[in-house]
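Notes for the one structure printed next.
The values are calculated or read from the model by the stated rules, or taken from the named source; none is laboratory data. The shown structure was predicted, so the numbers you read here are calculated from the model rather than taken from an experiment. Neighbour counts run over all protein chains shown; Cβ positions are idealised from the backbone, glycine included. Just the protein is used for accessible areas: all its heavy atoms, side chains included, with ligands, DNA and RNA removed. Shrake-Rupley method; radii C 1.70, N 1.55, O 1.52, S 1.80 Å.
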Amino acid sequence: MAPRTTRRNILTAAGGLALLGTVGTRTATAGFTPGFVGTAPMLSDRLHPTMGTSDTNPTLVVYVNFLSEESQYFVQHNLEDIVREYVLTGDLNVELRFLSYQPDSLDSPLVGDDEGEARAARAAYGVWNVEPENFWTFFEFMFWNFTTETYTHDRLESCMDQAGVRNITKIANRAYEGRYNSLVRAATEDAVRYGISDVPRVRLLRDHKHGNYADILGWTQTRLDRVTRGSVEIHPLLPDTKYETPVYVIDSGKPGPTAFVVGGMHGEEPQGYIAAEHMTRFRPTGGKLVVIPYANRPAVDLAARYTEDGDLNRQFPTGSDPTSTLAQAIWDKLLEHDPDVVVDLHSSSGIYKHDGKVGQAIFPTRATPQNAVDACTFANDYYIEQSTYPSYYDFKCGNTLDGSRPLFVHKVYGDLHLPGYLVETTRKETHVEDAVMWGVALARDLLWRHDVLLG
């Protein structure tokens, strides 16, 4: 059988490839031609850069560092193989994390001795956020024109220009003002959670392997076989009505707890429903995850708190039936799946114990208030960067919910005595990417505390 011809083969024959342990010698040129990685199909509606063909595919999470020579080798070799064998065939998505900091020291660079890689990671997130159609070309360009020199602002703008990125000034300004800090810091939190200490790494569910493992394709296939034993089903709630909205049922196919996550009770709170939508991409390693990301579809479509039907989150009285068609349907769906824990994702115009509003707080049911306290501490340690947000943006545990008010999570406790959490991020002078990342991180952490282990 004739060897497969790839861009890597051609460049190797021409003497343009640096192998593991040496610094790449190709210089950046405006004539860069992207290969398998740079031209991979993308799933743009994601917090983290993702390539793939379907939202329901299992996701391989990849951890790299722009200043890591081993990451360079991985991108030029094993990642190309993964893209060709699994992404292009529609079997697997690949999602990136830029691991910039030491897992045991959030402010210490993983590679190098300054903020250069984190600066590059923020710029990469800027490309993904503003111009996702050019992200994978930019990403591949960075590793085919690898350098161990620090990434200055000027160097990054030059790289973006030569990789064909258009909105360089807009992206650079956002990145330099720290707009994507929470997304970069998420990689360090991920690393701690999954026991990852180096790059490159690949992770499928909770299993991970060094990215330059010789049989990375075999390792991936074994894990993929295990993941695909589960299922992802999408059912309509109240089909053929104005309230119709998707319900995601993500079943691991293994025993374990069931989690029920809701977003979009209020249509003017995109941070809540976008975070809930991102929760649909997680895969439980046991049990089941049920998500209704856009609970109040009419209100979301209007970007309004409520519609002519009233405030959805005031229609769940304890001890009696919900008071609207939509509220009843949501409650019936919860009862159908008999969850062990419930999370309701919202956002507020202000900040709890600062301006009379409820943002930056978790309101737990009486069942498990300490979990909310611990989740707030976790979020403050990893996600609230003091150089960007004053200390009053720290998350706090709010009052406990006992069923005394007609709110969804109140009823969760009042009728069922279940652990439940009303999570409120803030819209006040925050970047939407930060608030969404906070909501996702808090929801995941709360679920982990109930043994809902997500990959």
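See the values below:
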| read-out | value |
| --- | --- |
| Positions within the stretch 115-125 being crowded, with 17+ Cβ neighbours inside 10 Å and either among the hydroxyl-bearing types (Ser, Thr, Tyr) or farther than 20 Å from LEU43 by Cβ (or both), in sequence order | GLY116, GLU117, ALA118, ARG119, ALA120, ARG122, ALA123, TYR125 |
| Residue tally, condition surrounded by fewer than 19 Cβ atoms within 10 Å (Cβ to Cβ) and closer than 16 Å to THR425 by Cα, over the stretch 397-414 | 1 |
| Output for the stretch 223-240, where each listed residue is touching a residue at least 24 places away in the same chain (Cβ under 8 Å) and among the hydroxyl-bearing types (Ser, Thr, Tyr) | THR228 |
| Output for the stretch 72-114, where each listed residue is assigned to a loop (DSSP other than H, G, I, E, B), open to solvent by less than 40 Å² (accessible area, probe 1.4 Å) and under 21 Å from THR53 (Cα atoms) | GLY90, LEU92 |
| When residues of the stretch 14-67 are limited to those that are within 20 Å of TYR151 (Cα to Cα) and among the aromatic types (Phe, Trp, Tyr), the one modelled with the lowest pLDDT | PHE32 |
| Answer from GLU117, GLU80 - the residue that is touching a Phe, Trp or Tyr at 6+ places or on another chain (Cβ under 6 Å), farther than 22 Å from GLY455 by Cβ and at pLDDT below 95 | GLU117 |
| Those residues of the stretch 419-445 which are among the hydrophobic types (A, V, I, L, M, F, W, C) and surrounded by fewer than 20 Cβ atoms within 10 Å (Cβ to Cβ), in sequence order | VAL432 |
| Residue within the stretch 64-76 that is within 27 Å of GLU277 (Cα to Cα) and in contact (Cβ under 8 Å) with a residue 12 or more places away in the chain present | yes |
| Residues of the stretch 378-391 satisfying the condition of being touching a residue at least 12 places away in the same chain (Cβ under 8 Å), open to solvent by 10 Å² or more (accessible area, probe 1.4 Å) and either touching a Phe, Trp or Tyr at 6+ places or on another chain (Cβ under 9 Å) or assigned to a helix (DSSP H, G or I) (or both) | PHE378, ASN380, ASP381, TYR382 |
| Residue in the stretch 144-157 that is touching a residue at least 24 places away in the same chain (Cβ under 8 Å), open to solvent by 50 Å² or more (accessible area, probe 1.4 Å), under 27 Å from ASP114 (Cβ atoms) and part of a helix (DSSP H, G or I) present | yes |
| Any pair with Cβ under 6 angstrom, 6 or more apart, that starts in the stretch 305-332 at a residue that is more than 20 Å from LEU416 (Cα to Cα) and ends at one that is assigned to a helix (DSSP H, G or I) and open to solvent by 10 Å² or more (accessible area, probe 1.4 Å) | THR307/PRO298 |
| Test: ALA163 is open to solvent by less than 30 Å² (accessible area, probe 1.4 Å) and touching a Phe, Trp or Tyr at 6+ places or on another chain (Cβ under 7 Å) | yes |
| Given (1) under 19 Å from ARG427 (Cβ atoms); (2) over 17 Å from the mean Cα position of the chain (by Cα); (3) outside any loop (DSSP other than H, G, I, E, B), index of the condition TYR273 fails | (2) |
